[in-house]
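As structure tokens, the structure follows; a few thoughts come after it.
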Amino acid sequence: MTEDARDSAPPQRDDTDDHDLLTYGEAGVRLYEEVRAQRTLVEALELSGPSDELAEARRRLEMLEAAFERNTRQPINDDNFEAFFGYKGTARRNT
């Protein structure tokens with residue numbers, strides 16, 4: 001996760017999303033929460049010194065941060081809607 005992403009406001013859950021589905025927005029919120037929790041774990045493990053558990057925690061943190069970056073990098077818009085969903089349509093807009 002870039003420094004900008006770390007310092008930015010957390011993503012917000014959209015109250016109008018279908019709660020039976022893991023939506024793009026909900027995935028972003030969950031990833032953000034997991035990154036914060038994993039970062040806290042890594043920081044705690046660092047106080048204990050090097051260990052296999054710390055190395056594994058750092059690897060997981062890197063993977064979570066990469067997933068978060070992918071999730072925030074390309075929001076769905078009219079141009080990429082069909083490529084993402086596989087059918088023609090338009091992206092929903094919050095107006």
Exercise. Looking only at region 38-86, count how many residues are among the acidic types (D, E) and touching a residue at least 60 places away in the same chain (Cβ under 8 Å).
Key: 2
Quiz prompt | Complete set of residues in region 41-52 that are closer than 27 Å to V29 by Cβ and loosely packed, with under 12 Cβ neighbours inside 10 Å | solution = E43, A44
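Throughout, read-outs are computed from the coordinates displayed, never taken from laboratory work. Quick caveat, the model's predicted, so the values are computed rather than measured. Here Cβ is always computed from backbone atoms with ideal geometry, including for glycine, and neighbour counts include all displayed protein chains.
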